[in-house]
Amino acid sequence: MHLTQKLELFPDHSVTQILFKDVKNAAELRQSAVEGKINGALINPTMLVGPFQVLVAANKAVHLQKTGKMKTRSLYSEIIFNLSPNNNISEAFKRFGISDGDDSVMVVLVHNQDESQLLSDVTNKVNGRQVPVEDVSSLSDAAKIKKLYKVTPQEEVCGTLLDAVVCRMATKDVM
Amino acid sequence: MAQKSCTPELLSGAELMKQGAEARLYRTRFLGKPTVVKQRFPKRYRHPVLDEKLTHRRTTQEVRSILRCRKAGISAPVVYFVDYASHCIFLEDIVSSSTVRDYIASCPDQDQDLDLLVQKVGRILARMHDEDVIHGDLTTSNMLLRLHPDGTKPRHEPDLVLIDFGLSYISALPEDKGVDLYVLEKAFLSTHPNTEALFQTLLHSYTAASNKSNAVIKKLDEVRLRGRKRSMVG
Ligand SMILES: Nc1ncnc2c1ncn2[C@@H]1O[C@H](COP(=O)(O)OP(=O)(O)OP(=O)(O)O)[C@@H](O)[C@H]1O
Ligand SMILES: [Mg+2]
């Protein structure tokens, strides 16, 4: 149900995404993340078009960590920041991190080899129902995403919403 | 703590598809997707500091113009990742495509399809210029045509994909747009012999599609005249 993708640029790093619905303890989870007790990024799935968007953010975060150019304090906060179309860090957390009342969450882990231990650690902490990661597209709020990333109807003629979002994430440093 | 970029290591195991004067193009998989990596390399004869600046500028110009075109509904490859440390752009691989150059070369002369194709090119360049994007290196090698997986017939409009924006810039001046077309005309006629009529078809479609084409075509005529005078003198 989870999705693990090796980062071709960093062959000893993989990214695992785990999606939960009917989450009852979002506030507690958010608090644990703030205190650094959860080794992962907790993302609001309504702002995600698909798993590829998360991979693009995670790959960029690892790259910036390795080259000493991160804009935030940790790899996991950098992943959340990279999802945002602009350079405002607190806004990125507000929009792409989870909020206390949320009932769904995408957990993103970056790890070396085997993810099974990390996976069970996370699953134990989340009071919710794990669903296939691909279901994230049924949770996305397309209208909100289009508004935040400023995607025009004509742009969707030459590509998908995911294309539009990924392009902005990848190029925001020089816009 | 800062280390070097990991991109060169990935590229050392990737398929080199083209070695140009300014850049190398590789095919690889990236985040599970077929991807083209365009790497600009240093020019040894330039001063290193200047070279670094120029290479960085080409890279940023390329991704900026791709985004600007896409926002206007003009197809260009999706940018997946930019590594400014090694001057690499990771782009969507436009799979089962042909350059317009190869497509024209493989078509029989007088083919009806060719008229339709160059009309499409004219319309798209008109839209690009209406967005004030000057491509800077318009050739038929810098346009890709998505093909049907089975055969060779081009499909509808978004299937013409513009690439290679490293020399692009933003300008509203008719002169800059006229020169952009002049560069294309020179390249077109020398790459594809006996296509004067076909290029006229392209220009007609450009003129019909652009709101501001009159001033641009006037400048094109002036630039042509200057070109001719220069070659008469020299
Ligand atoms: N995204 C892509 N998908 C498929 N093929 C591509 C893509 N980008 C480039 N190509 C192929 O590679 C060739 C060269 O690419 P491009 O024009 O970007 O580089 P270049 O001409 O070497 O660049 P420069 O002008 O900076 O030296 C293209 O003509 C095309 O055949
Ligand atoms: Mg080229």
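The values are calculated or read from the model by the stated rules, or taken from the named source; none is laboratory data. Note that the structure is a prediction, hence the values are computed from the model and not measured. When we count neighbours, we look across all protein chains shown, and the Cβ atoms used for this are built from the backbone with ideal geometry, even at glycine. Keep in mind that these areas ignore ligands, DNA and RNA; they rest on the heavy atoms of the full protein, side chains included. Shrake-Rupley method; radii C 1.70, N 1.55, O 1.52, S 1.80 Å.
Okay, here's what the table says:
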{"read-out": "Cα-based Rg and Dmax for the stretch B:1-89, where Dmax is the largest Cα-Cα distance (Å)", "value": "13.8, 42"}
{"read-out": "Accessible area of the stretch A:3-171 belonging to carbon and sulfur atoms, whole % at 1.4 Å probe", "value": "49"}
{"read-out": "Relative contact order for chain B, counting Cα pairs under 8 Å that sit 6 or more residues apart, in percent", "value": "19"}
{"read-out": "Listed residues B:L144, B:L25, B:L54, most fluctuating in chain B (Gaussian network, C-alpha, under 10 Å)", "value": "B:L54"}
{"read-out": "Accessible area per residue, Å², the stretch B:110-229 with all protein chains present, probe 1.4 Å", "value": "47"}
{"read-out": "In order through the stretch A:86-100: 3J(HN,Hα) via Karplus (6.51 cos²θ - 1.76 cosθ + 1.60), integer Hz, x for Gly, Pro", "value": "10, 9, 8, 5, 5, 5, 4, 5, 4, 7, 9, x, 8, 10, 4"}
{"read-out": "Gaussian network model of chain A, springs between alpha carbon atoms under 10 Å - residue of A:S90, A:S116, A:S74 with greatest fluctuation", "value": "A:S116"}
{"read-out": "Ratio Rg/Rh [Cα only; Rh per Kirkwood] for chain A", "value": "0.94"}
{"read-out": "Under the Karplus curve 6.51 cos²θ - 1.76 cosθ + 1.60, θ = phi - 60°, whole-Hz ³J(HN,Hα) for the stretch A:38-44, x wherever Gly or Pro sits", "value": "10, 8, x, 9, 9, 10, 6"}
{"read-out": "The stretch B:97-229: relative contact order as a whole-number percent, Cα under 8 Å and 6+ apart", "value": "34"}
{"read-out": "Relative contact order [Cα under 8 Å, 6+ residues apart], chain A, whole percent", "value": "37"}
{"read-out": "At 1.567 mPa s and 4 °C, Stokes D of the protein assembly as shown from Kirkwood alpha-carbon radius, µm² per second", "value": "56"}
{"read-out": "Centroid-to-centroid separation of the stretch B:185-209 and the stretch A:115-172 [C-alpha atoms, Å]", "value": "43"}
{"read-out": "Interchain or long-range residues, amide H under 5 Å from B:S5's placed H", "value": "none"}
{"read-out": "Amide H within-cut-off set for B:F81, under 5 Å, with H built and near neighbours excluded", "value": "B:F90"}
{"read-out": "Helical mean residue ellipticity (222 nm; -39500 (n - 2.57) per DSSP H run of 4+; nearest 500) of the protein assembly as shown", "value": "-14000 deg cm²/dmol"}
{"read-out": "Interface burial for B against A (accessible surface, 1.4 Å probe, total of both chains, Å², rounded to 100)", "value": "2700"}
{"read-out": "Filtered chymotrypsin sites (Phe, Trp or Tyr not before Pro), the stretch B:1-109: DSSP coil and at most 13 other beta carbons within 10 Å", "value": "B:Y45"}
{"read-out": "Fluctuation leader among B:V223, B:V100, B:V121 - chain B, Gaussian network, Cα springs under 10 angstrom", "value": "B:V223"}
{"read-out": "Those residues of the stretch A:1-42 for which accessible area with every protein chain present is at least 20 Å² below the isolated value (1.4 Å probe)", "value": "A:Q5, A:E8, A:L9"}
{"read-out": "Calculated P(r) tail over 24 Å for chain B, as whole % of Cα pairs", "value": "49"}
{"read-out": "The stretch A:119-158: Cα Rg divided by the 2.2 N^0.38 Å rule of thumb", "value": "1.76"}
{"read-out": "Whole-percent carbon and sulfur share, accessible surface of the stretch B:97-229, 1.4 Å", "value": "53"}
{"read-out": "Per-residue HN-Hα couplings for the stretch A:164-175 [Karplus 6.51, -1.76, 1.60; θ = phi - 60°; Hz; x = Gly/Pro]", "value": "4, 5, 4, 4, 5, 4, 6, 10, 5, 5, 10, 9"}
{"read-out": "Residue-normalised accessible area of chain A, given per residue in Å² at a 1.4 Å probe", "value": "44"}
{"read-out": "Mean shadow area of the stretch A:1-105 over all directions, Cα convex hull, nm²", "value": "6.7"}
{"read-out": "From the C-alpha gyration tensor of the stretch B:97-229, square roots of 5λ in Å", "value": "24, 16, 13"}
